[in-house]
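First, the structure itself, so that you have it in front of you.
The values are calculated or read from the model by the stated rules, or taken from the named source; none is laboratory data. What you see is a predicted model, and the numbers here were worked out from it, not measured in a lab. Positions of Cβ are backbone-derived with ideal geometry, glycine not excepted, and every protein chain shown enters the neighbour counts. Keep in mind that these areas ignore ligands, DNA and RNA; they rest on the heavy atoms of the full protein, side chains included. Shrake-Rupley method; radii C 1.70, N 1.55, O 1.52, S 1.80 Å.
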Amino acid sequence: MDSKLIQRLIEAVVDRIVAAEAELTALDQAIGDGDHGINMKRGTGAVRAAAAELAAKPAGEAVKDAGMQLVMKVGGASGPLYGTLLMTLGKLWPDPLERAGLATAVASALEAVKARGKSEPGQKTMLDVLFPVSEALAAGKSPAAIKAVAAEAAEATVPMQAVRGRASFLGERSAGHMDPGARSSQLAVEAVCDVLEAAQ
Ligand code: ADP
Ligand code: MG
């Protein structure tokens, strides 16, 4: 994977997340503590600041190091979880890059997130977007189809009752709002798919 593509992927994800800061804040104000926008901005900003350095490394190492930045720079629950996702993904990154190997690496990275968060899909978290995306990737879906899967999956968290994370403290009152982490996952997936579509 060439370093320009890595840099474009980093920039696209960061731009999308930063542009959505207010929306992520509002979602987290509704069912959490209102810091998801700032957490994601801080974490992705650290990755962006290191983008040139990361892009000079082999892709797997760059992904792993980006994950370490998230763990170090994000205080909330989402930092260690997204960090675990990227660190595991980076360790298992297929070289040369091919879909089946990537799908296996993503699936294993999600198992690591589940273990770290003691969580499962269906509990109104980022996993409710990341799991269907992982399945769509394994099924050979196009970037456009994967974006549609992510959007539908984020929307599907609205009626759910949270079982993990701060939103679970609200019990039934957590229903009726999209999960902030599901939304940030959707935005990141969308940004990655947009870059891959443009590179095709
Ligand atoms: P905090 O909850 O510490 O304030 P953030 O607001 O940055 O951290 O992130 C909240 C998001 O993290 C939630 O919307 C949810 O998607 C995700 N999350 C929280 N706890 C878990 C967990 N145990 N497993 C998976 N995802 C989780
Ligand atoms: Mg929060």
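Can you tell me which residues in segment 134-177 are farther than 30 Å from residue 98 by Cα, in contact with a helix residue (DSSP H, G or I) (Cβ under 6 Å, 6 or more places away or on another chain) and open to solvent by less than 40 Å² (accessible area, probe 1.4 Å)?
Listed by number, the residues that qualify are 157, 162, 167, 174.
If a residue must be farther than 17 Å from residue 47 by Cα, open to solvent by less than 30 Å² (accessible area, probe 1.4 Å) and more than 16 Å from ligand 1 (Cβ to nearest atom), how many such residues does segment 66-120 contain?
Summing the residues that are farther than 17 Å from residue 47 by Cα, open to solvent by less than 30 Å² (accessible area, probe 1.4 Å) and more than 16 Å from ligand 1 (Cβ to nearest atom) in segment 66-120 gives 4.
Moving on. For residue 14, all conditions in the list (1) among the β-branched types (Val, Ile, Thr); (2) in contact with a Lys or Arg (Cβ under 7 Å, 6 or more places away or on another chain); (3) within 14 Å of ligand 2 (Cβ to nearest atom) hold save one; what is the number of the exception?
(3)
Checking residue 30 against (1) farther than 17 Å from residue 72 by Cα; (2) touching a helix residue (DSSP H, G or I) at 6+ places or on another chain (Cβ under 8 Å), which test does it fail?
Residue 30 satisfies all of (1) farther than 17 Å from residue 72 by Cα; (2) touching a helix residue (DSSP H, G or I) at 6+ places or on another chain (Cβ under 8 Å) except (2).
Give the number of residues within segment 1-34 that are more than 17 Å from the chain's Cα centre (by Cα), within 16 Å of ligand 1 (Cβ to nearest atom) and in contact (Cβ under 8 Å) with a residue 24 or more places away in the chain.
Adding up the residues that qualify gives 4.
Which residues, counting only those in segment 35-44, are open to solvent by less than 40 Å² (accessible area, probe 1.4 Å) and near ligand 1 (Cβ under 8 Å from one of its atoms)?
36, 39, 40
Hey, among 111, 23, 61, which residue is in contact with a helix residue (DSSP H, G or I) (Cβ under 9 Å, 6 or more places away or on another chain) and within 16 Å of ligand 2 (Cβ to nearest atom)?
Result: 23 is the single residue among 111, 23, 61 that is in contact with a helix residue (DSSP H, G or I) (Cβ under 9 Å, 6 or more places away or on another chain) and within 16 Å of ligand 2 (Cβ to nearest atom).
Can you list the helices (runs of 4 or more DSSP H) lying wholly within segment 90-200 that have 2 or more residues being touching a residue at least 12 places away in the same chain (Cβ under 8 Å) and hydroxyl-bearing (Ser, Thr, Tyr)?
Here the list reads 99-117, 180-199.
Further question on the same structure: Is it the case, given these coordinates, that residue 9 is more than 20 Å from residue 194 (Cα to Cα), aliphatic (A, V, I, L, M), surrounded by 16 or more Cβ atoms within 10 Å (Cβ to Cβ) and more than 9 Å from ligand 2 (Cβ to nearest atom)?
It is false that residue 9 is more than 20 Å from residue 194 (Cα to Cα), aliphatic (A, V, I, L, M), surrounded by 16 or more Cβ atoms within 10 Å (Cβ to Cβ) and more than 9 Å from ligand 2 (Cβ to nearest atom).
Name the single residue, out of those in segment 46-58 being open to solvent by 30 Å² or more (accessible area, probe 1.4 Å) and either under 18 Å from residue 179 (Cβ atoms) or in contact (Cβ under 8 Å) with a residue 24 or more places away in the chain (or both), that is nearest to ligand 2 (Cβ to nearest atom).
48
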